[in-house]
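Colleague: Below is the structure I would like to discuss, written out as structure tokens.
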Amino acid sequence: MLSFELFAKEDDARAGKLITLHGLIETPSFVIVGTQAAVKAVSVKDLRKIGIQMIIANAYHLHLQPGENLIEKAGGLHRFMGWEGPLMTDSGGFQIFSLGAAREHGVGKIASIFPEQRDRGGHFNSKKRKPLVRVDEDGVDFISYLDGSLHRFTPRRVVELQLKLGADIILPLDECTSPLHDYQYTKAALKRTQRWALQALEEFHRRPNKSQALMGIVQGGAYQDLREQCAQFISDQGFDGYAIGGSLGRSKMDMYHVLEWTNPILPQDKPRHLLGIGEIEDIFEVVQRGIDLIDCVLPTRMANTGTLFVKGAKHFRIHIYNMQFKDDLRPVEQGCICYTCRHYSRAYLRHLFMAKEPLATHLATIHNLYFIESLMKQIRVAIKEKGFKQLKEEWLSSS
């Protein structure tokens, strides 16, 4: 069960609502990452208070631990993790990629997903390791990072696994290529992913449970003809929605081009999800280009390191460990009404991090998630009122 309705647009930016068996999601929306059936450092009660609409978990990780059979026996992922709202599960294609081409090419998620993007120290990422995955025409073999055991994923097996988990929206197995793969390899991987998509769709329709939805994934690297061909192919198959994944190029500008090539081809009446992008500037850019759903580990990963979102700060963030916050009795962000900002100061939060108190990450995560959810609400209102461009200019000029 999945329905999608658009009720406002400003150029290509869209506002709508996505209805699942477990509730409604107002779009554009930031889908919070709960990789292993939990959002790090916060409870589902916290998430409900913040106003989080949807969580995405990872089938790869849940297969390895605790196993899909146990979760199915528990009544499905919603009941297992105590979350009553909408849920997505990713197939784990990116995680398998991380064991393979990402290790070999020295690229990864967030800071180094774009090879031309330097890290915070101004250096290019160059760490390369031996791949732990083997891809063939029928699926992938990979080694568990937990115990070294060998596992195999096929398109049909991954659909079966996710149906047992019971998420509202599931994603098929795909081959996530590296920005450093050449055209010929990217094309071959794309054709393989398309064949896998047909097998996944066939397996999905073979099952009697119609409360779940299957999104198709658009691949093709940063090559315009491959992205356009894949977008058309996946659109023609009648998926319930569309995810844009894989290599988004060597730079953020490449990513914007990928969206500009892809989104005009995808059906207007179905949701579009961009996988793994979470910087504040990028949220505005991808929403402007027609994306409805975004997911990324950035808000929780930043919180774990004492980095907090603040409007107007450089890169929209402060690092609470810095000495300048030692005696700062202001809230993390002036005017923020999250639990953390209403009750605690920057000085107290810094003290907690310096003392290695677990409460530190909990409070930082609450603020970061509230910040993101508040931003998405502002974006939705702005699109409805034809003020999205103005909102974007106001935010991006403040940092």
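Just so it is clear, none of the values below were taken in a lab; they were calculated from the coordinates. Not measured: the values here are computed from a predicted model. Positions of Cβ are generated from backbone atoms using ideal geometry, with glycine treated the same way; all protein chains shown enter the neighbour counts.
Colleague: Can you list the residues, at least 5 places off or on another chain, whose amide H is less than 5 Å from the amide H of M54, using H built in the peptide plane?
Modeller: For M54, whose amide H was placed from the backbone, the distant partners under 5 Å are I32.
Colleague: If you don't mind, another one. Taking a cut-off of 15 Å between Cα atoms, list the aspartates and glutamates near K311, but don't count ones fewer than 8 places away on the same chain.
Modeller: E279, E281, D282, E333, E373, E393, E394
Colleague: Moving on. Consider a paramagnetic label point 7 Å from the Cα of N322 along Cα→Cβ; state which residues of the stretch 334-360 have an amide N under 14 Å from it.
Modeller: It comes to 346-347, 350, nothing else.
Colleague: Which three extents, in whole angstrom, do the alpha-carbon atoms of the chain cover along their principal axes, largest first?
Modeller: Per principal axis, max minus min of the Cα coordinates gives 59, 50, 45 Å.
Colleague: Taking only Cα atoms and a 10 Å spring cutoff, compute GNM fluctuations for the chain and point out the largest among Q212, Q184, Q378.
Modeller: Evaluated over the chain, the most mobile residue of the options is Q184.
Colleague: Check the chain for me: any Cys whose beta-carbon has no other cysteine beta-carbon within less than 4.7 Å?
Modeller: C176, C230, C296, C338
Colleague: Also, quick follow-up: If the only charges are +1 at each Lys and Arg Cβ and -1 at each Asp and Glu Cβ, what is the size of the charge dipole of the chain around the Cα centre, to the nearest 20 debye?
Modeller: Magnitude of the dipole: close to 1000 debye.
Colleague: Return the subset of K164/K384; K210/K270; K9/K45; K40/K389 for which the Cα-Cα distance in this structure is over 28 Å, preserving the input order. All intermediate terms of the calculation are to be shown ahead of the outcome.
Modeller: Details: K164/K384 38 Å; K210/K270 17 Å; K9/K45 33 Å; K40/K389 33 Å.
From K164/K384; K210/K270; K9/K45; K40/K389, over 28 Å: K164/K384; K9/K45; K40/K389.
Colleague: Answer with one residue from G387, I277, L64: the one whose Cα lies farthest towards the positive end of the charge dipole of the chain, charges on Cβ with Lys, Arg +1 and Asp, Glu -1.
Modeller: L64
Colleague: To continue, here is another question. Given H placed 1.01 Å from N in the peptide plane, which residues other than close sequence neighbours of L214 have an amide H under 5 Å from its amide H?
Modeller: Answer set, sorted by chain and number: I170, D240.
Colleague: Got a sec? Which residues in the stretch 281-300 would a label at D254 touch, if it sits 7 Å along Cα→Cβ and we count backbone N under 13 Å?
Modeller: Under 13 Å, as judged by backbone N against the label point of D254, lies no residue of the stretch 281-300.
Colleague: Run the dipole for the stretch 336-386 about the Cα centre, Lys and Arg Cβ at +1, Asp and Glu Cβ at -1, nothing else charged, and hand back the magnitude in debye, nearest 20. Provide the component values of the computation, followed by the final result.
Modeller: Numbers: 8 positive and 3 negative charges, 32 e Å.
Rounded to the nearest 20 debye, it is 160 debye.
Colleague: Something else about it: In what order do Y321, Y223 fall by count of nearby beta-carbon atoms within 10 Å, going from fewest to most?
Modeller: Numbers: Y321 14, Y223 19.
Going from sparsest to densest Cβ surroundings: Y321, Y223.
Colleague: Nothing charged except the Cβ atoms of Lys and Arg (+1) and of Asp and Glu (-1): what's the magnitude of the dipole of the stretch 310-396 about its Cα centre? Round to the nearest 20 debye.
Modeller: Values: 15 positive and 8 negative charges, 44 e Å.
Dipole size: approximately 220 debye.
Colleague: Looking at this model, which pairs from K49/K356; K191/K252; K17/K377; K314/K386 are more than 21 angstrom apart at the alpha-carbon? Walk me through the numbers before you get to the answer.
Modeller: Values: K49/K356 26 Å; K191/K252 25 Å; K17/K377 13 Å; K314/K386 27 Å.
K49/K356; K191/K252; K314/K386, as the Cα separations exceed 21 Å there.
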